[in-house]
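Report on the following structure.
The values are calculated or read from the model by the stated rules, or taken from the named source; none is laboratory data. Fair warning: this is a prediction, and the values are worked out from it, not measured in the lab. We place every Cβ from the backbone using ideal geometry, glycine too, and count neighbours over all the protein chains shown. Heavy atoms of the whole protein, side chains included, go into the accessibility calculation; ligands, DNA and RNA do not. Shrake-Rupley method; radii C 1.70, N 1.55, O 1.52, S 1.80 Å.
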Amino acid sequence: MGRLRKKQVNRLFWVAAFIGLLLDQITKHWVVQNFTLGESVTIIPGALNFTYVLNRGAAWSICSGEGCRWILPWLSVIVSMGIAGYGLLMRIEDRWERAGWGFILAGALGNGIDRVKAGEVVDFIQAFPITRFPV
């Protein structure tokens with residue numbers, strides 16, 4: 001009998017997570033080194049700016065006060081573990097969904113790294129700036 005090779009489950013999930021985390025950390029480092037806090041550069045007029053801000057809270061600065069900031073690094077760890085567990089235990093059939101979940105894991109890990117290192121997240125992508133959508 002020939003040797004059966006088990007196809008790696010969700011390989012694209014892990015590739016996307018690795019590449020996404022690498023890009024997350026490289027681009028954040030680039031922004032910190034090349035922008036002043038609050039500086040904004042238009043990439044696509046009316047659609048996309050790079051605006052360097054620091055976010056001590058969660059999405060849209062929710063929970064940015066001192067009273068609940070201690071929980072955000074732990075929340076990043078728990079969310080990352082949940083998504084990683086999903087990638088390990090479940091077979092994700094659609095390749096775009098595999099990649100999407102991998103990039104979501106990368107974002108959770110990248111923000112977790114920021115929170116542990118500095119207590120805040122480096123944000124810089126501002127879509128639809130004319131509507132004042134958060135960075």
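Only one of PHE133, PHE128 is open to solvent by 30 Å² or more (accessible area, probe 1.4 Å), closer than 27 Å to LEU37 by Cα and out of contact with any strand residue (DSSP E or B) (no Cβ under 7 Å at 6 or more places or on another chain). Can you tell me which? Break it down stepwise before answering.
Working: PHE133 fails: out of contact with any strand residue (DSSP E or B) (no Cβ under 7 Å at 6 or more places or on another chain).
Matching residue, one of PHE133, PHE128: PHE128.
Could you pull out the residue among GLY82, GLY87 that is crowded, with 18+ Cβ neighbours inside 10 Å and either at pLDDT below 95 or within 18 Å of TRP14 (Cα to Cα) (or both)?
Working: GLY82 fails: crowded, with 18+ Cβ neighbours inside 10 Å.
GLY87 is the lone residue from the list that is crowded, with 18+ Cβ neighbours inside 10 Å and either at pLDDT below 95 or within 18 Å of TRP14 (Cα to Cα) (or both).
In the stretch 8-42, how many are among the aliphatic types (A, V, I, L, M) and loosely packed, with under 12 Cβ neighbours inside 10 Å? Show your work before the answer.
We begin by selecting, within the stretch 8-42, every residue among the aliphatic types (A, V, I, L, M); these are 9, 12, 15-17, 19, 21-23, 26, 31-32, 37, 41.
Retained after the next criterion (residues that are loosely packed, with under 12 Cβ neighbours inside 10 Å): 26, 37.
The qualifying residues number 2.
Here LEU48 fulfils each of the conditions (1) modelled with pLDDT under 90; (2) out of contact with any Pro (no Cβ under 6 Å at 6 or more places or on another chain) apart from (1). Among residues of the stretch 117-130 that are small (Gly, Ala, Ser), those with a beta-carbon under 6 Å from a residue that is loosely packed, with under 13 Cβ neighbours inside 10 Å at least six positions away or on a different chain give the pairs ALA127/PHE133.
Considering each residue of the stretch 96-112 in turn, none proves to be open to solvent by less than 20 Å² (accessible area, probe 1.4 Å), in contact (Cβ under 8 Å) with a residue 24 or more places away in the chain and of a type in the set (S, T, N, Q).
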